[in-house]
Amino acid sequence: MSDSAVSPPWHRRFSPRSFRGKFILVVGAAVLFDMLLGGGIALWNVQRLSRDAAQQVGAGLTKASREYLQTYIDATALRANLLFERVHSEVGVLSGTMQAMIDHPETAKAIGDAIAKDRTLSTPLVYNAAGDWAQNLPGAPGTTSVWSYLLDSNHQPIPGAQDRVRESALFDILGPTLMQTGSKKLQVYYVGPKTLPVMRATPAPELAQTFDKLYPGHNKANFWDFFFPGIYEDWQTWLDKPSSRPLDDVTTITAPYIDANSGKQIVSFFRPLWTADRKSVAGMAAADVTLDQLIDLVQSVKVAETGFGFLVMSNGNVVAVNSAGEQTLGVVTASGAAGQGVTGLDRSLKKSDQPAIVALSMPTDNKPDIQHILLKQNGEDVPYIVVLKQLEPTNLWDNGPIVKETMTLGFVVPEREIYASLIAAQSDISAATNRILKYQIMTVLISLFVVFVAIFGISKRITAGLSALAAAARQLQSKDYSVRVDIPTKDEVGEVGVAFNRMAEEISYHTENLEQLVEDRTRDLENANSEISSLNEKLRGENIRMGAELDVARQIQMMVLPKERELSTISGVEIAAYMRPADEVGGDYYDVLRDGQRFKVGIGDVTGHGLESGVLMLMVQSVARALQETGEGGPLQFLDWLNRAIFKNLERTNSDKHLSLAFLDYENDKLTLSGQHEEVVVIRAGGGVERIDTIDLGFPIGLEMDIAPFVATYDIPFTTGDVVVLHTDGVTEAEGAKGELFGLDRLVESTRQRHASSAQEIKDGIVEDLMTHIGSRKIHDDITLVVMRHR
């Protein structure tokens, strides 16, 4: 029949009541919902992807920025530390040489006398009446000054001062060399002990004259008390009480100050000298070093566009910073330049006009510390990042006791500069997200149009076949099993039609042959049931036979174990043992082999458990008994011969089993341990605990033919009251209610608590603790325990 003969009018074909109308409505609504849902999910995923990407990029850039800042400040701090270390080293060379002269006065005198004869190295001392001091004439590499209180009535150095001048003459050779090398120094100098503070300096052609100008009255007081009050006494305290040193290194520095003579910011590095007997201070070697290199290093720091560096002392005084950084930190230089001599630098963070800088916390360790602060600029709070890093500590003298000083290097940079790339990346991600959203919406709309056109086009083809199937189904329902459908399409509807026709044929066939099929199926079930019953009978018999065989093997295994009457006849030693197989036949081994007053206790663990492991255990027992009866060979040969026999048996039976095995030989209050097994626990009479590892005393039995190279012995004293415990891993690896292992610690503690009791009581107590630990859990491995106690 043609479509025109069966098709309803147009308005009926697309009525909501018609199948085609319903198909278009349902499928269209489903597709619309699916595409809207899929599109919505896609749009949500795009938004989430954008957010996650921005977060990941932000986290990555933030991490990279932090790592950059940390690496940068680490490198800069390292360079600053190297500058200080270089000066430490140079002053150390000078002090080491001067100390050698103090330790060897005869050599120092000889060198001094030789230098005094060379007018290119030494010029005579001349008294200056105006200044009331003596100083060598110009022309020598350095200047030597002797103050008025070190001169006699003839204006000549007193004997002790003259000795210091002569013994320190080597300074005029070493000093100029140090000035020409290494860090930038204003001068290097030597000062004698407090009672004889003779001073040598280079380059200082008019040292005393400069002191008269810059430090009026200096020649009326002791050099040490006038210039460095307290430092000499602190050094002396270090000698009397070494623990009072702030640091191991004795080098001491001053706080940075402005040198009145040169106008430069400098630090003085002092290194004390000791008397030859190391009981008193003998003076110092020192250098005045400009901070130009350190300041240049700090001021050269440039982070992003306007970030800068600064160096601050622990009291908050800023040692180095550029002018822009000084303004950002809100600190100003307030130095009393009107005075004479040295002028201290006062530029403290504590006096900043920025509250966040005043409250800035310094790091307490040498790790980089990153802080986020807000600085007020033009009436607004601007976010900044501050990175701080401690330099290496040093001893500091600042007109008071010597203390430990740790300077801190800092970087300051606006957050907007550090995160500029992050802001740009997030902006780009946002723009890309918006473009994707627009394209996604356009794609959904176009897809909806195409899908609805397709649904309309195929609805007729699909619904025609379904209508035919519906009519045939109604005929089949009315028991017309001869009905067939003819659907010419090759799609899934056509396949359903083919399946429908096959189903109708099968229904027709089974309806006609149902009784015969029931009889055949019943006969098949009866035959299958008979075969199953026969197999069950055979299996029951086989289980009974195997159970009997395992029971015989278990009985044989238990029969060869040592009996209590055997153990009770051993004089001087109590032995108690416990064995519990995990299966009918266990793989653990223990035995007591007696030979007169000597006896040998063996313990081992075959891999796995069951019949095969039990058979191997019996092999070991038999071979060990036979070897013991021969009475030949010591513990090493005993293990080697036993292994050879077991190895050959395992090779013949093609078994992959092996075992750990150890023996204790007792004779004359001494146990000799050999073989590899679990740790041996020894509880001494006084309660002391020893755990002896056997890993290096042997090799698993049955793995190799020759184990002699791996076998060793270990002697254990065994006297009255001592207890020895042997065990297999079934004890220590027994699981508790929560799966926790019994463990060696519990075994040791259980034994220690009972070590004064008999061997039987100790064994019973350990087993009781073990079973309490296991509770109702299944025992997965054989348990063997041997307790020996010396009476």
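The values are calculated or read from the model by the stated rules, or taken from the named source; none is laboratory data. Predicted model only: the values in this text are computed from it and were never measured. For neighbour counting, all protein chains shown are included, and Cβ atoms are generated from backbone atoms with ideal geometry for every residue, glycine included.
So in segment 244-280, with the set limited to residues that are among the polar types (S, T, N, Q) and within 39 Å of the chain's Cα centre (by Cα), which one is farthest from Lys213 (Cα to Cα)?
Going residue by residue through segment 244-280, those that are among the polar types (S, T, N, Q) are 244, 251-252, 254, 261-262, 265, 268, 275, 280.
Add one more test, that the residue is within 39 Å of the chain's Cα centre (by Cα), and what stays is 244, 251-252.
Details: Ser244: 37, Thr251: 29, Thr252: 26 Å.
Looking at the filtered set, the residue picked out is Ser244.
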Selection from segment 635-680 of residues that are of a type outside the set (Lys, Arg), farther than 15 Å from Phe710 by Cα and assigned to a loop (DSSP other than H, G, I, E, B): Asn654, Ser655, Asp656, His658, Glu667, Asn668, Asp669, Glu678, Glu679
Top-ranked residue in segment 592-621 [being modelled with pLDDT of 90 or more and of a type in the set (Gly, Ala, Ser); ranked as farthest from the chain's Cα centre (by Cα)]: Gly602
Selection count where residues are closer than 13 Å to Glu690 by Cβ and out of contact with any helix residue (DSSP H, G or I) (no Cβ under 6 Å at 6 or more places or on another chain), scope segment 741-750: 1
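Quick one: is Thr120 under 60 Å from the mean Cα position of the chain (by Cα) and not small (Gly, Ala, Ser)?
Working: under 60 Å from the mean Cα position of the chain (by Cα): no; not small (Gly, Ala, Ser): yes.
No: the conditions fail for Thr120.
Yes or no, residue by residue, for (1) loosely packed, with under 13 Cβ neighbours inside 10 Å; (2) outside any loop (DSSP other than H, G, I, E, B):
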| residue | (1), (2) |
| --- | --- |
| Asp365 | yes, no |
| Leu375 | no, yes |
| Asp381 | yes, yes |
| Lys389 | no, yes |
| Glu392 | no, no |
| Leu396 | no, yes |
Search result, residues across segment 578-621 that are polar (S, T, N, Q) and buried (at least 22 other Cβ atoms within 10 Å of the Cβ): Ser613
Residue, surrounded by the most Cβ atoms within 10 Å (Cβ to Cβ), within segment 281-296, restricted to residues that are part of a helix (DSSP H, G or I) and touching a helix residue (DSSP H, G or I) at 6+ places or on another chain (Cβ under 6 Å): Leu294
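So that you can scan it fast, the table gives a plain yes or no per residue for (1) surrounded by 16 or more Cβ atoms within 10 Å (Cβ to Cβ); (2) basic (Lys, Arg); (3) closer than 25 Å to Asp212 by Cα:
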residue	(1), (2), (3)
His104	no, no, no
Lys109	no, yes, no
Asp113	no, no, no
Ala116	no, no, no
Thr120	no, no, no
Gly131	yes, no, yes
Thr144	yes, no, yes
Ser148	no, no, yes
Filtered residue count, segment 195-246, keeping only those that are under 24 Å from Val289 (Cβ atoms), surrounded by fewer than 16 Cβ atoms within 10 Å (Cβ to Cβ) and of a type in the set (A, V, I, L, M): 1
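Mind telling me which of the residues Ile570, Ile507, Ile575 ends up being β-branched (Val, Ile, Thr), out of contact with any Lys or Arg (no Cβ under 9 Å at 6 or more places or on another chain), at pLDDT 75 or above and surrounded by 10 or more Cβ atoms within 10 Å (Cβ to Cβ)?
Details: Ile570 fails: out of contact with any Lys or Arg (no Cβ under 9 Å at 6 or more places or on another chain); Ile575 fails: out of contact with any Lys or Arg (no Cβ under 9 Å at 6 or more places or on another chain).
After ruling out the rest, the residue left standing is Ile507.
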Index of the failed condition, Val198 passing every other in (1) of a type in the set (Val, Ile, Thr); (2) within 19 Å of Gly92 (Cβ to Cβ); (3) modelled with pLDDT of 95 or more: (2)
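Can you go through Gly775, Gly736 and tell me which one is exposed (fewer than 14 other Cβ atoms within 10 Å of the Cβ), touching a residue at least 12 places away in the same chain (Cβ under 8 Å) and not charged (D, E, K, R)? Before the answer, list the steps.
Working: Gly736 fails: exposed (fewer than 14 other Cβ atoms within 10 Å of the Cβ).
Going through Gly775, Gly736 in turn, just one is exposed (fewer than 14 other Cβ atoms within 10 Å of the Cβ), touching a residue at least 12 places away in the same chain (Cβ under 8 Å) and not charged (D, E, K, R): Gly775.
Taking the residues in segment 744-753 that are touching a residue at least 12 places away in the same chain (Cβ under 8 Å) and charged (D, E, K, R) as candidates, determine which candidate is farthest from Leu567 (Cα to Cα). Let's see the steps before the verdict.
First pass over segment 744-753, keeping only residues touching a residue at least 12 places away in the same chain (Cβ under 8 Å): 744, 746-748, 750-753.
Restricting the remaining residues to those that are charged (D, E, K, R) gives 746, 752.
On the way: Arg746: 27, Arg752: 23 Å.
This residue is Arg746.
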Residue within segment 612-619 that is in the same structural domain as Ala712 (by TED's automatic domain parsing), assigned to a loop (DSSP other than H, G, I, E, B), among the hydroxyl-bearing types (Ser, Thr, Tyr) and touching a Gly at 6+ places or on another chain (Cβ under 9 Å) present: no
Single condition Gly96 does not satisfy, out of (1) surrounded by 17 or more Cβ atoms within 10 Å (Cβ to Cβ); (2) under 18 Å from Val188 (Cα atoms); (3) more than 36 Å from the chain's Cα centre (by Cα); (4) not hydroxyl-bearing (Ser, Thr, Tyr): (1)
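Quick one: would you say Val450 is at pLDDT 70 or above and touching a helix residue (DSSP H, G or I) at 6+ places or on another chain (Cβ under 7 Å)? Before the answer, list the steps.
On the way: at pLDDT 70 or above: yes; touching a helix residue (DSSP H, G or I) at 6+ places or on another chain (Cβ under 7 Å): no.
Criteria not met by Val450.
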